[in-house]
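One structure below.
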Amino acid sequence: MLADSKGPLVRRTPAILLSLVLVAGLAACAPADSDAEGDGATVAKKCVPTPAGVNSDAITVEGEIGALPVITFDAPLAPTKTERSVIVEGEGDAVKEGDTLSIHYTIINGGTGEEIETTGFADQPSVQVLVDTGSEMLAGLSNTIGCVTEGSRVAGVIPPAEAFGAEGQPQFGLEADQSLVVVADIIAIAPEPITRADGEPQDAPEGLPAVKLAENGEPSLTIPDEEPPAEYQAATLIQGDGAEVADGATVVVHYTGWNWNTGEVFDSSWERGEPASFPTSGVIPGFRDALVGAQVGSQVIAVIPPELGYGPQGGTPDKSIGAEDTIVFVVDILATQ
């Protein structure tokens with residue numbers, strides 16, 4: 001999917017969680033191990049709180065919720081399974097399996113005591129993470145942040161088997177035999193994204209490519225048989241009434257991108273079968289400008305000249321977009337945080 005930087009839309013991010021695709025691009029997916037009843041209904045997996053242990057209780061965390069925590073412990077910590085201590089118990093709704101959470105977090109190497117990464121806190125954007133204890137990677141994170149309440153602060157110690165497995169993540173300073181310490185503030189349970197733009201259709205300005213929607217909402221495009229416009233153009237095709245996308249916010253979207261010059265699709269979340277999630281700060285300027293200020297439930301179209309797209313980069317590595325190519329995106333905005 002796009003958030004792992006393999007597609008051309010999103011620039012590479014150093015964040016250890018984001019780079020491992022634990023953000024809410026998977027927010028629309030139900031947990032894989034839900035139990036099914038005989039009548040076809042599904043029952044959510046029971047939320048079982050992760051108990052504290054001598055390792056998680058050895059962590060001292062100071063500071064207010066939302067503020068950068070001061071974390072101290074004597075390294076190394078080497079649990080055999082994830083341990084979780086609740087530092088502050090929130091008063092919000094209970095977190096359950098399959099929820100997508102907006103969190104702030106600090107990750108520390110439990111073997112050395114060295115900080116790996118901090119994100120959020122101090123008015124910085126939060127990160128969205130899916131609670132999926134059945135995940136093949138970093139299940140211990142879900143065991144740390146799950147089964148608490150909104151407004152909680154938790155400290156977890158995650159062994160390698162429930163983090164990144166036998167190989168660790170040496171590029172992030174985490175060797176194979178070292179645990180992870182995670183301190184996270186559970187800011188909110190994110191609303192479940194809609195599946196397509198659901199607002200009021202709008203008349204498109206003249207000169208823009210014509211958009212046609214399939215029954216499921218997937219767009220197709222008719223590009224005019226003429227030279228692309230020299231200037232950036234954007235318009236709202238469907239006007240939603242949800243939250244407004246802020247600059248730097250994380251969005252969940254369905255989109256398709258076309259190369260005006262060749263008429264070919266170069267990237268599409270619709271074709272992959274699941275929405276994409278990324279911060280607006282992590283995309284090309286023309287795509288960002290189409291999102292910021294738009295409302296959830298909207299569909300927007302953007303015609304992006306090379307200087308606001310991939311021209312400054314010389315095009316894309318796979319040559320699907322050249323340095324002088326204009327591109328077109330049609331985007332359904334499904335959620336924002």
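Quick notes on this one:
- Exposure proxy order (Cβ contacts within 10 Å, fewest to most) of Leu308, Leu174: Leu308, Leu174
- For the range 253-276 and the range 211-237, distance of Cα centres in Å: 12
- Placing +1 on the Cβ of every Lys and Arg and -1 on the Cβ of every Asp and Glu, with nothing else charged, gives the range 177-268 a dipole about its Cα centre of roughly 200 debye.
- Each peptide in 179-190, 280-291, 204-215 receives the mean, over its residues, of other Cβ atoms within 10 Å, and ordering these scores from highest gives 179-190, 280-291, 204-215.
- Cα-only Debye scattering, the range 249-337: base-10 log of I(q)/I(0) at q = 0.13 Å⁻¹: -0.39
- MRE, 222 nm, helices only [DSSP H, n ≥ 4, -39500 (n - 2.57), over the chain, to nearest 500]: -1000 deg cm²/dmol
- Here Asp267, Asp241 are placed in order of increasing Cβ neighbour count within 10 Å, fewest first, which gives Asp241, Asp267.
- This ranking places Ser277, Ser268, Ser220, Ser135 by how few other beta-carbon atoms lie within 10 Å of each, fewest first, which gives Ser220, Ser135, Ser268, Ser277.
- Between Gly248, Ala235, Trp258, the Cα set farthest toward the positive side of the dipole of the chain (charges on each charged residue's Cβ, about the Cα centre) is that of Gly248.
- Matching label, Cα extents along the principal axes in Å computed from the structure shown, candidates (1) 70, 55, 51; (2) 65, 37, 34; (3) 69, 49, 36: (3)
All of the numbers you see were taken from the coordinates with simple rules; none came from a lab. Keep in mind it's a predicted model, so treat the numbers as computed, not measured. When we count neighbours, we look across all protein chains shown, and the Cβ atoms used for this are built from the backbone with ideal geometry, even at glycine.
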